[in-house]
Every structure is written in structure tokens, then in C-alpha cells.
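The structure appears right after this line, and notes come after that.
The values are calculated or read from the model by the stated rules, or taken from the named source; none is laboratory data. On a predicted model such as this, the values are computed, not experimentally measured, just so you know. Don't worry about glycine lacking a Cβ; one is built from the backbone with ideal geometry, like all the others, and counts go over all protein chains shown.
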Amino acid sequence: MAVNLLLGLQWGDEGKGKIVDVLTANYDIIARFQGGPNAGHTLIFDGRKHVLHTIPSGIFHENAINIVGNGVVIDPVIFRKELENLKEYNLDFKSKLLISRKAHLILPTHRLLDAASETAKGKAKIGSTLKGIGPTYMDKTGRNGMRVGDLEMSDWKEKYQALTEKHLKMLAFFEVDIQFNLKELELEFCAAVDVLKSLTFIDSEEYLNTAIKNNKTILAEGAQGSLLDIDFGTYPFVTSSNTTAAGACTGLGIAPNKIGEVFGIFKAYTTRVGSGPFPTELFDENGETMSRVGHEFGATTGRPRRCGWLDLVALKYAVQVNGVTQLMMMKGDVLSGFKTLKACTSYNYKGKEITHFPFNIEEHNVQPNYTEFKGWASDLTTMTDVKKLPIELLEYVKFIENYVEVPVKIISVGPDRKQTILV
Ligand code: GDP
Ligand code: IMO
Ligand code: MG
């Protein structure tokens with residue numbers, strides 16, 4: 001059976017967690033393939049809200065196996081808190097939450113290095129979630145990292161010690177004042193490692209390829225979004241992993257010819273947390289309305305998300321890089337009441353009109369050109385049938401489909417599992 005992928009097409013927080021949770025009923029296995037606790041995936045059902053950071057969003061379904069793939073970076077401390085938050089559900093983690101031995105570990109000093117690097121950057125900071133993501137992936141590609149499988153070796157503490165000492169020297173190099181108590185951090189880390197070790201570690205590439213052979217259904221869950229991809233995003237204001245479709249192959253050990261459908265998720269408008277260019281960003285009442293109605297605050301850091309109109313040039317680029325076969329449009333309900341909507345359909349780039357996503361989208365290079373749409377007044381949040389949706393919304397969707405040349409298969413009209421309309 002082919003592996004289906006689900007990815008964010010913007011700057012993250014498109015609603016991946018919600019849709020993975022909705023789709024899990026159709027899958028045997030849900031596998032996260034990159035990112036780490038910088039992610040915050042929100043699930044709402046039975047009137048309760050859950051935010052997952054490292055644990056895949058299929059965890060609440062009884063029959064699904066959830067895998068944390070080799071491409072993910074794991075902070076045992078945050079992971080432990082996530083497990084504790086799920087305690088009351090009595091989930092059998094040992095059998096339904098499997099961890100790749102090849103996933104890299106975030107050490108306490110990775111978090112400190114992240115903070116030091118951001119502080120040293122000053123105004124040019126990336127706006128990192130400060131979870132240690134960048135330094136951990138740097139150690140991975142620098143061939144210094146520690147992996148989950150190392151924890152099964154007798155010398156893991158020596159490895160940990162050597163890497164920590166190296167990090168402390170690097171910290172001094174930054175010449176910024178970062179306060180910390182290493183002893184306390186290490187106690188917390190070691191206790192959390194013990195919890196992590198109580199779970200099942202697997203050779204996940206072997207597990208998944210055997211599952212494919214045995215016709216199991218697999219959904220790969222992405223974190224962040226395509227515009228935060230280390231190669232194709234708005235570099236350097238990106239995360240440190242490949243958030244695009246190729247990342248699922250390297251982050252799970254699945255060959256490209258095993259990929260089936262690629263589900264691309266986007267918000268009906270755009271948001272971004274942290275620094276970096278954002279051509280369609282709004283600083284007016286419209287932006288404030290999106291932020292207020294959409295509750296646009298980061299699920300991991302609580303920071304306000306910047307809001308703006310839908311950028312179809314960027315969306316088409318993400319669709320292309322990922323090979324998206326089906327689209328899912330989220331948060332259309334937030335736009336109810338707007339008299340007029342806009343979507344960016346080309347850029348003025350250095351004085352010329354272009355429709356592709358260029359090397360640099362900083363404000364001094366790129367100004368958006370908009371197409372306008374008539375808005376709709378009705379509340380969508382109780383609608384369940386595509387035929388009942390306002391004609392103006394359907395026209396907006398049709399325009400998007402024609403522009404990016406991929407059909408929209410799900411329209412989400414609220415945060416709850418149930419507020420999901422299949423087209
Ligand atoms: P993720 O990181 O892609 O999983 O997305 P987040 O959970 O960070 O952010 C999405 C936010 O939008 C969460 O608060 C969700 O509960 C909420 N949400 C998801 N879909 C919808 C929708 O269709 N309408 C509304 N109003 N909220 C939604
Ligand atoms: P989910 O999976 C939105 C952003 C940060 C920052 C940049 C780098 O919930 O969609 P990092 O901590 O990776 O060094 O931060 O990327 N960022 C996200 N923005 N959603 C996320 O994840 C994000 N993960 C990282 O705000 O700008
Ligand atoms: Mg999020």
C-alpha cells in the first residue's frame with residue numbers, strides 16, 4: 001500500500017493536527033517525519049482541546065500505531081510532559097507509540113545554544129521557538145549528534161558528557177549572557193530519558209517498509225510548513241529540516257515510489273509566527289479581525305501570529321515542490337463577514353510582474369498584486385454539507401483550484417473534529 005503524506009503549505013499552523021486526527025480513522029499507522037517540539041498541533045473533540053508537539057496526531061485513535069520517525073528531533077523533557085498530559089486517557093504507549101532509534105535527541109545545551117544564537121543575532125533573529133531545533137539538526141549534519149538508539153548503549157552518558165562539554169565551549173563563544181543551572185537541567189533530562197526508555201524503540205525504516213509490504217495504510221504527518229523548509233522556504237527565516245514531501249522519504253526511510261496521495265493543507269488566509277518576509281501581511285483592521293476571530297496565537301509559544309491575505313503565488317509554489325494531489329482549506333469560517341476578500345495572484349518583483357516564487361521575497365523586492373472576491377456573511381461553523389456553503393465561498397475555492405490546478409477535497413469550518421466538510 002502506498003504512503004500518503006499530509007503537509008502544511010504555508011508558514012505552519014495550517015491545521016495539520018486537526019486533519020490528521022480526522023483522517024486517522026482510515027489509517028493503520030501515523031508517522032511524524034521531521035521537526036520536533038517547535039511544532040504545536042491542536043486537536044479538538046468532545047469539547048476538549050489537546051496540543052501535541054512530538055507525539056503524532058493519531059494518538060487518540062484506538063487502533064492506530066503512532067511512529068516518531070528518524071527525521072524528528074526529540075526533547076525527552078518535553079516528550080515526558082506530553083505523555084503526562086495524556087495520562088487520563090490510559091493509552092497504551094508501549095504498544096501504540098513507537099520511536100525510531102535513528103531520531104536525534106535535543107540536549108539541554110541545544111536549547112541554551114538556540115537562545116544564545118538568537119540573542120547574538122539581535123534584530124536579525126529568526127524568531128525561533130527556542131526549543132533547540134537548529135543546534136540539534138546542526139549536530140546531526142555535523143555528525144556529532146546523539147540518537148535515541150544511543151540510549152540503549154552502555155556508554156550513552158559519556159557521549160552525552162562529551163557533547164555537552166563541547167556545547168559549553170560554544171556557548172562561551174557567543175559572548176551573551178544566558179543564565180542556566182546545568183545540574184538542574186541534567187537531572188530533569190536524565191529523569192525524562194528514563195521515561196523515554198520505557199517506550200518501544202524500533203528500526204522504523206524496517207518497520208514501515210514491512211508495513212507497506214503487508215498492505216497497511218500509512219499517513220505521514222508533516223510539521224511546520226513548506227515556506228519554513230530549510231531549502232525551499234524563506235531562508236534564513238526557516239526551520240532546520242525539510243518540511244516538504246522529500247522530507248518524508250528521508251525522515252521515514254520510504255522510497256519516493258512508495259508515496260501515494262499528497263494532502264496539502266492551507267488556511268483561507270495566511271499566518272506567520274516569528275520573523276521573516278510576508279508579502280501579503282496586513283497591518284489594518286482586516287488583519288486584526290483574522291487574528292481575533294481565528295485566535296491566531298502560537299500553539300507552542302503563545303506568540304501572536306502575523307496575519308494577511310492568501311498568497312496564491314506562494315501556494316502554487318508549495319503545491320509544485322510537494323507534488324500536492326489534494327488540497328484542504330482550513331479556517332474559511334474566520335473570513336465570514338468580510339465584505340471583500342483579496343488573494344495575491346502575482347508579484348511586482350524588481351519592477352516586473354511575475355507569477356513564480358522568486359529567490360527573495362523581502363518587501364523591497366516584492367509587492368503583491370491582488371484579485372478581489374465578494375465575501376459572504378453567513379456563519380459556516382454549523383454547516384456540514386458543501387451544497388449549503390455560500391456561493392461566494394465556493395467561487396473563492398474554485399478560483400484557488402483553477403490557479404494552483406489541484407482540487408480542494410476538504411473545507412474545514414471550525415476547530416472541532418466534526419467541523420469538517422468533505423467535498
Ligand atoms: P498545526 O500546527 O498545523 O496543527 O495547526 P495549529 O494547531 O498550530 O493551529 C491551527 C489552529 O486553528 C488551532 O487552534 C486549531 O484548533 C484551529 N483550527 C483548525 N482548523 C480550523 C478551522 O477550520 N476553523 C477555525 N476557526 N479554527 C481551526
Ligand atoms: P507547526 O508544526 C509555525 C517557526 C518559528 C520561527 C522559525 C524557526 O505547529 O506548524 P525553530 O524553532 O524551528 O528554530 O523556528 O520557524 N516555526 C513555526 N511556525 N508553526 C510551526 O510548527 C513552527 N515551527 C517553527 O516561529 O519563525
Ligand atoms: Mg502549530
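Can you go through VAL77, VAL72 and tell me which one is touching a residue at least 60 places away in the same chain (Cβ under 8 Å) and touching a Lys or Arg at 6+ places or on another chain (Cβ under 8 Å)? VAL72 is the lone residue from the list that is touching a residue at least 60 places away in the same chain (Cβ under 8 Å) and touching a Lys or Arg at 6+ places or on another chain (Cβ under 8 Å).
Report the residue count in the range 128-146 for those that are surrounded by 15 or more Cβ atoms within 10 Å (Cβ to Cβ) and either in a helix (DSSP H, G or I) or under 21 Å from the mean Cα position of the chain (by Cα) (or both). Qualifying residue count for the region: 13. Consider the range 16-34 and keep the residues that are surrounded by 24 or more Cβ atoms within 10 Å (Cβ to Cβ) and assigned to a loop (DSSP other than H, G, I, E, B). The one that is nearest to ligand 3 (Cβ to nearest atom) is GLN34.
Among the residues making up the range 44-64, those that are outside any loop (DSSP other than H, G, I, E, B), of a type in the set (A, V, I, L, M, F, W, C) and surrounded by fewer than 24 Cβ atoms within 10 Å (Cβ to Cβ) are ILE44, PHE45, VAL51.
Filtering the range 330-348 down to residues that are among the charged types (D, E, K, R) and within 16 Å of ligand 1 (Cβ to nearest atom), which residue is farthest from GLU401 (Cα to Cα)? Per the criteria, the residue is ASP333. Which of the residues belonging to the range 336-346 are in a strand (DSSP E or B) and either basic (Lys, Arg) or under 13 Å from PRO279 (Cβ atoms) (or both)? Answer for the range 336-346, where residues must be in a strand (DSSP E or B) and either basic (Lys, Arg) or under 13 Å from PRO279 (Cβ atoms) (or both): LYS342, ALA343, CYS344, THR345, SER346.
Only residues that are closer than 24 Å to ASP231 by Cβ and without any contact (Cβ under 8 Å) to a residue 24 or more places away in the chain were counted across the range 302-322, and they come to 1. Assess whether ALA162 counts as being part of a helix (DSSP H, G or I) and touching a residue at least 40 places away in the same chain (Cβ under 8 Å). Against the criterion (part of a helix (DSSP H, G or I) and touching a residue at least 40 places away in the same chain (Cβ under 8 Å)), ALA162 does not qualify. Residues to consider are THR325, THR345; find the one that is in contact (Cβ under 8 Å) with a residue 24 or more places away in the chain, surrounded by 13 or more Cβ atoms within 10 Å (Cβ to Cβ), polar (S, T, N, Q) and over 20 Å from TYR269 (Cβ atoms). After applying the criteria, what remains is THR325. Apart from one condition, ILE67 fits all of (1) away from ligand 3 (no atom under 16 Å from the Cβ); (2) modelled with pLDDT of 95 or more; (3) in contact with a Gly (Cβ under 9 Å, 6 or more places away or on another chain); the exception is (3).
Residues of the range 350-362 that are surrounded by fewer than 19 Cβ atoms within 10 Å (Cβ to Cβ), out of contact with any Phe, Trp or Tyr (no Cβ under 6 Å at 6 or more places or on another chain) and part of a loop (DSSP other than H, G, I, E, B): LYS350, GLY351, THR355, HIS356, PHE359, ASN360, GLU362. Going through (1) closer than 24 Å to PRO135 by Cα; (2) surrounded by fewer than 16 Cβ atoms within 10 Å (Cβ to Cβ); (3) at pLDDT 95 or above one by one, ASP177 falls short only on (3).
Of the residues making up the range 296-320, those that are of a type in the set (Val, Ile, Thr) and either touching a Leu at 6+ places or on another chain (Cβ under 8 Å) or surrounded by fewer than 22 Cβ atoms within 10 Å (Cβ to Cβ) (or both) are THR300, THR301, VAL319.
Among the residues of the range 35-52, those identified as away from ligand 3 (no atom under 13 Å from the Cβ) and out of contact with any strand residue (DSSP E or B) (no Cβ under 7 Å at 6 or more places or on another chain) are ASP46, GLY47, ARG48. Screening LYS216 on (1) of a type outside the set (Val, Ile, Thr); (2) part of a helix (DSSP H, G or I); (3) more than 23 Å from ALA115 (Cβ to Cβ) shows it passes everything except condition (2). In the range 160-181, which residues are of a type in the set (Ser, Thr, Tyr) and within 16 Å of MET138 (Cβ to Cβ)? Once the filter is applied, which keeps residues that are of a type in the set (Ser, Thr, Tyr) and within 16 Å of MET138 (Cβ to Cβ), the range 160-181 yields only THR164.
Listed here are the residues, each with its yes/no results for (1) touching a Pro at 6+ places or on another chain (Cβ under 6 Å); (2) not in a loop (DSSP other than H, G, I, E, B).
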{"residue": "ASN348", "(1), (2)": "no, yes"}
{"residue": "HIS364", "(1), (2)": "no, no"}
{"residue": "PRO368", "(1), (2)": "yes, yes"}
{"residue": "PHE373", "(1), (2)": "no, yes"}
{"residue": "ALA377", "(1), (2)": "no, no"}
{"residue": "MET383", "(1), (2)": "no, no"}
{"residue": "LEU394", "(1), (2)": "no, yes"}
